[in-house]
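The values are calculated or read from the model by the stated rules, or taken from the named source; none is laboratory data. Quick caveat: nothing in here was measured; it's all calculated off a predicted structure. With ideal geometry, Cβ positions are generated from the backbone for all residues, glycine too; neighbour counts draw on all protein chains shown.
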Amino acid sequence: MVKAKQDTVYELLFTPITINGMELENRIVMAPAHEGMMDEEGYITPAYNDYYFRRAQGGPGMIVLGGILVNPRRFPAPRLSDDKCVPAYKNMIGRIHSETNTKMVAQLYDLLKSARGWRQSVEEVPIEQMKQSIDFFESGAIRAREAGFDAVEIHAAHGVLQADFLSLKNKRKGEYGGKKLENRMRLTVEVYERVRKALGKDYPIGIRINGDEFITGGTTMTQSTATAAKLAELGLDYISVSVGGKYDDSYGADPWGLAFPYPPWGGYSGFRCMPEKYMPEATNIYIAEAIRKAVRDAGYDTPIMGAGRITTPKLAEKLLQEERIDLAGVCRQIIRDPDWPKKAKEGREKEIKKCAYCNNCIETATVGPGGYCKLDKEKI
Ligand SMILES: Cc1cc2nc3c(=O)[nH]c(=O)nc-3n(C[C@H](O)[C@H](O)[C@H](O)COP(=O)(O)O)c2cc1C
């Protein structure tokens, strides 16, 4: 138990947890944030290395890196789609592991094809593209392990390829879509099984899913609770619950190219994903809680992570105490103040620099110079 100098006692926040052999010092997870610090080929830059090193120094139990693309197609993202991408990650993770206890997780993803004004629909994806995507996940996951990552996370939330397959909006005919959950889950299950086979039963593999898409006709808790119970049964080592972030609710098929400037990931679905300051604290935790309950009712103790305006360590502790989540995903607050975990542990909560939840970091991560907080004079 960590007793802070002030009145807060952290019985759970600083209680270690082991996820398939990966020991986390505490329950604080830096939730994934696309940081936009890669060159045109997707190779990560020295700024990326410093950014995460600084955040690991702040003491979260684990950091899930912003999405890493496994598909070699051109797209502005950091990637593990080529062996040449591995050394820079290895260098960063070696540096972090030698000086901190923070565990490092690669969030791997693929996307539907898109061009200016056009985005492929799930119904159009040929089987060969799906098979290829499974191959990309396998090789990306193997590279992640080679680079020294402690775990991989399959990204199946927001607007990525697998999220669109899982969605209730997936009207594909045949075995990869339509009304049956089993069919909409098939691609994700195949990806997971391939990655599990490649990495072995002792390597931690997590997943991020949407608990609710917040779009008309999209997935709600009715489907996501059943999906999560099935994922737990399959052997996923943790389930991270997010919401929204769908292109369907954005400003056009190519939100970055067509009508800029406007708020990236705009629309209701986008703002539920990254709730702004006028939204309630712990905005989406009731959804993570429902998923946790469904997983427990199905007989699994798979750790569940929730995120979305977990503003203070005290609030994180409360959510853990109330058994609503097992891991506290904190994203923008750790962008704002990397020492959020350390300051909590040392009873210096009052020194935490507060996030304004303005979402400027999303814009700078997308158009440059990187996902830094505008409230900081220097780039941290
Ligand atoms: C700049 C930025 C980039 C993000 N990129 C990702 C991403 O790559 N993958 C992902 O799953 N979530 C991403 N998210 C969502 C966060 O992981 C998190 O769920 C969300 O910001 C809510 O948590 P918070 O209120 O603590 O910021 C991003 C959020 C921000 C602010």
- Task: Under 6 Å between Cβ atoms, at least 6 apart or on separate chains: pull out the pairs that start in the stretch 196-209 with a residue that is in contact (Cβ under 8 Å) with a residue 60 or more places away in the chain and end on any residue that is part of a strand (DSSP E or B) and away from the ligand (no atom under 16 Å from the Cβ).
- Result: PRO204/ILE19; PRO204/MET22
- Message: Here's a check for you: in the stretch 339-379, which residue that is among the aliphatic types (A, V, I, L, M) and surrounded by fewer than 17 Cβ atoms within 10 Å (Cβ to Cβ) is modelled with the lowest pLDDT?
- Response: VAL367
- Message: Checking TYR109 against (1) within 16 Å of the chain's Cα centre (by Cα); (2) at pLDDT below 95; (3) hydroxyl-bearing (Ser, Thr, Tyr), only one condition comes out false. Which one?
- Response: (2)
- Message: Looking only at residues that are of a type in the set (Gly, Ala, Ser) and within 14 Å of the ligand (Cβ to nearest atom) in the stretch 299-324, which one is farthest from MET62 (Cα to Cα)?
- Response: GLY308
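Each row is one residue, and each column tells you yes or no for (1) within 12 Å of the ligand (Cβ to nearest atom); (2) among the hydrophobic types (A, V, I, L, M, F, W, C); (3) in a loop (DSSP other than H, G, I, E, B).
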residue: GLY329; (1), (2), (3): yes, no, no
residue: PRO338; (1), (2), (3): no, no, yes
residue: TYR357; (1), (2), (3): yes, no, yes
residue: GLU363; (1), (2), (3): yes, no, no
residue: LYS379; (1), (2), (3): no, no, yes
- Residue, nearest to the ligand (Cβ to nearest atom), within the stretch 173-189, restricted to residues that are of a type outside the set (A, V, I, L, M) and surrounded by 17 or more Cβ atoms within 10 Å (Cβ to Cβ): THR188
- Item | Neighbours by Cβ (under 9 Å, 6+ apart or cross-chain): first from the stretch 309-322, at positive phi; second basic (Lys, Arg) | ARG309/LYS277; ARG309/ARG332
- Of residues in the stretch 210-230 being within 16 Å of PHE165 (Cβ to Cβ) and in contact (Cβ under 8 Å) with a residue 60 or more places away in the chain, the one surrounded by the fewest Cβ atoms within 10 Å (Cβ to Cβ): ALA226
- Which of the residues that make up the stretch 264-298 are within 15 Å of the ligand (Cβ to nearest atom), on the phi < 0 side of the Ramachandran plot and assigned to a loop (DSSP other than H, G, I, E, B)? PRO264, GLY266, MET274, PRO275, GLU276, LYS277, TYR278, MET279, PRO280, GLU281, THR283, ASN284
- Message: Please verify whether ILE215 is of a type in the set (A, V, I, L, M) and within 13 Å of the chain's Cα centre (by Cα), treating the condition exactly as stated.
- Response: no
- Message: Being within 16 Å of the ligand (Cβ to nearest atom) and either at positive phi or not in a strand (DSSP E or B) (or both) is the filter here; which residues of the stretch 120-160 pass it?
- Response: PHE137, GLY140, ALA144, PHE149, ALA157, HIS158, GLY159, VAL160
- Message: Please pick out the residue among GLU153, GLU138, GLU175 that is under 26 Å from HIS97 (Cα atoms), in contact with a helix residue (DSSP H, G or I) (Cβ under 6 Å, 6 or more places away or on another chain) and among the acidic types (Asp, Glu).
- Response: GLU138
- What number of residues within the stretch 194-219 are closer than 24 Å to GLU123 by Cβ, more than 16 Å from the ligand (Cβ to nearest atom) and out of contact with any Phe, Trp or Tyr (no Cβ under 9 Å at 6 or more places or on another chain)? 3
- When ILE28 is evaluated against the numbered criteria (1) surrounded by fewer than 22 Cβ atoms within 10 Å (Cβ to Cβ); (2) within 16 Å of the ligand (Cβ to nearest atom), which criterion, by number, is the only one it fails? (1)
- Message: Based on this model, can you work out whether ALA232 counts as within 27 Å of GLY21 (Cβ to Cβ) and in contact with a Ser or Thr (Cβ under 8 Å, 6 or more places away or on another chain)?
- Response: yes
- Matching entry among TYR203, TYR192 (being farther than 19 Å from GLY266 by Cα, aromatic (Phe, Trp, Tyr), under 19 Å from the mean Cα position of the chain (by Cα) and assigned to a helix (DSSP H, G or I)): TYR192
- Task: Please go through the stretch 188-218 and pick out each residue that is closer than 19 Å to ASP248 by Cα, out of contact with any strand residue (DSSP E or B) (no Cβ under 9 Å at 6 or more places or on another chain) and of a type outside the set (A, V, I, L, M, F, W, C).
- Result: ASP212, GLU213, THR216, GLY217
- Conditions (1) within 15 Å of the ligand (Cβ to nearest atom); (2) of a type in the set (D, E, K, R); (3) surrounded by fewer than 23 Cβ atoms within 10 Å (Cβ to Cβ); number of the one not met by LYS84: (1)
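Would you confirm whether or not the stretch 342-355 contains a residue that is within 11 Å of the ligand (Cβ to nearest atom), of a type outside the set (Gly, Ala, Ser) and part of a helix (DSSP H, G or I)? Spell out how you get there, then give the answer.
Step one: filter the stretch 342-355 for residues within 11 Å of the ligand (Cβ to nearest atom), giving 355.
Among the residues that remain, those that are also of a type outside the set (Gly, Ala, Ser) are: 355.
Subset that is part of a helix (DSSP H, G or I): none.
Checked against the condition, which is being within 11 Å of the ligand (Cβ to nearest atom), of a type outside the set (Gly, Ala, Ser) and part of a helix (DSSP H, G or I), the stretch 342-355 yields no hits at all.
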